[in-house]
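Trainee: Take a look at this one; I'll ask things after.
The values are calculated or read from the model by the stated rules, or taken from the named source; none is laboratory data. Predicted model, so just to flag it, every value in this text is computed and none were measured. Methodologically, a virtual Cβ is constructed for each residue, glycine included, from the backbone with ideal geometry; neighbour enumeration extends over all protein chains shown. Quick note on the areas: whole protein, heavy atoms, side chains included, nothing else; ligands and nucleic acids left out. Shrake-Rupley method; radii C 1.70, N 1.55, O 1.52, S 1.80 Å.
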Amino acid sequence: MSAAVTRANSTAGVKAGARRDTTAASRGVVLAVLLISTAYFLFPLWWLLVSVTKPFGRQFSGSGLWFDGFGLFDNLSRLTAQNDGIFWRWMLNSVLYCGVGALVGTLLSAMAGYLLAKYEFRGKGLLFGTVLAAVLVPKILFTLPLYLMFSGVGLINNPLAVLLPSVVSPFGVYLARIFAAQSVPDEVIEAGRLDGAGEFRIFRTIGVPMMLPALVTIFLFQFVDIWNNYLLPAMVLGDDELQPVTVGLVGWNASHGVAVPAPLVVIGSLISVIPLIIAFVVLQRFWRAGMTAGAVK
């Protein structure tokens, strides 16, 4: 009997040791994959940072992975002087398009998601199914129909041609609906109604604060999506003064260094990602709050 117990204990010990070895190996593989992925995504940014600090004209010479001289301020002055400083006009346009579009889009997504999560009405399932179907459709497929529609109503070369499509986010509606269903208790809504609050006031004072982490996520997704959008603004905005920075930089790059020196495209590319980095850094604390939402009741 004692021998059987000893064999059972030794077998259990071997299995536990194997599990620990497997767990350590799995963690090592996951860590390696994460490190490789991080290096892959940070490599272009590092190359841009190094290139921008090099003296003008030496962006594509020497080592691309380490600093070689310092010409950052001269590069920025050249960027500002090119075409009477139109680059900064493009940056302002992008900030306006993204800021307004993301704010309005987030508000509409929050209202639609809250409606789908907390109210019962005929056709609710069909409407939510349509939203899910729209999430699966690539936005690029809507570019030509939108161009034809805006051309028909005279909105070509009008900022509304960029703003109006940017405020519609099926993924934002889906995310807001999921988060509202999980984070806004029905009992809290009923308590607000008993206190005499209207439906919009309940949404504004109760729903929105509880959904804030999801709304920040929706805002960032919208902001990045609008900032990186190229095809639609390129088709509907022919005026250089109205174009966002993505379209402007592609136009500069298309000159192949003839009308605009190629180093300016590199310098402008790094400057163009700074607002995105700032947005993520400033708003990341809301994500941390969202990660723990619902963990404690």
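Trainee: Taking only protein heavy atoms into account and a 1.4 Å probe, give the accessible area per residue of region 39-91 in Å².
Mentor: Values: 3290 Å² over 53 residues.
Averaged over the residues of region 39-91, the accessible area is 62 Å².
Trainee: Which value, in Å², gives the accessible area per residue of region 94-240 when a 1.4 Å probe is used on the protein heavy atoms?
Mentor: So region 94-240 comes to 53 Å² accessible per residue, rounded to a whole number.
Trainee: Projected onto the charge dipole of the chain (+1 at Lys/Arg Cβ, -1 at Asp/Glu Cβ, origin at the Cα centre), which of PHE142, PHE41, SER255 gives the Cα projection farthest towards the positive end?
Mentor: In the chain, that residue is PHE41.
Trainee: Using a Gaussian network for the chain with springs between C-alpha atoms less than 10 Å apart, which of these wobbles most: MET91, MET111, MET149?
Mentor: In this elastic network of the chain, the residue with the biggest mean-square fluctuation among MET91, MET111, MET149 is MET149.
Trainee: How much FRET efficiency would the formula 1/(1 + (r/R0)^6) give for GLU241 and PHE142, where r is the Cβ-Cβ distance and R0 is 30 Å, rounded to 0.05?
Mentor: It comes to 0.75.
Trainee: Which helices, taking whole DSSP H runs in the chain, have alpha carbons extending 15 angstrom or more along the helix axis plus mean Kyte-Doolittle at least -1.0?
Mentor: Span-like helices in the chain: 2-53, 86-118, 124-136, 170-183, 212-228, 262-291.
Trainee: Beta carbons within 10 angstrom, averaged per residue: use that to sort the peptides 175-183, 35-43, 125-133, highest first.
Mentor: Values: 175-183: 20.0, 35-43: 10.1, 125-133: 12.8.
Taking the mean over residues of other Cβ atoms within 10 Å, the ranking is 175-183, 125-133, 35-43.
Trainee: Next question. Given the options VAL245, LEU270, VAL167, identify the residue whose Cα lies farthest towards the positive end of the charge dipole of region 167-297 (+1 on Cβ of Lys, Arg; -1 on Cβ of Asp, Glu).
Mentor: LEU270
Trainee: Relative contact order of the chain: what whole-number percent is it, with Cα pairs under 8 angstrom and at least 6 residues apart?
Mentor: It rounds to 25 percent for the chain.
Trainee: What's the long-distance tail for region 164-239, i.e. % of Cα pairs beyond 19 Å? Kindly include the intermediate steps, with their values, before the conclusion.
Mentor: Values: 1424 of 2850 pairs.
Tail of P(r) above 19 Å: 50 percent of Cα pairs.
Trainee: May I ask you to order 192-201, 217-226 by the average number of other C-beta atoms within 10 Å around their residues, highest value first?
Mentor: Taking the mean over residues of other Cβ atoms within 10 Å, the ranking is 217-226, 192-201.
Trainee: Would you work out the charge dipole size for the chain about its Cα centre, treating the Cβ of every Lys and Arg as +1 and the Cβ of every Asp and Glu as -1, and quote it to the nearest 20 debye?
Mentor: So the dipole magnitude of the chain works out to roughly 1160 debye.
Trainee: How large, in percent, is the carbon and sulfur part of the accessible surface of the chain at a probe radius of 1.4 Å?
Mentor: 69
Trainee: I've got another one for you. In nm, to one decimal, how far is the THR205 label point from the ARG58 one, both placed 7 Å along Cα→Cβ?
Mentor: Modelled inter-label distance: 6.4 nm.
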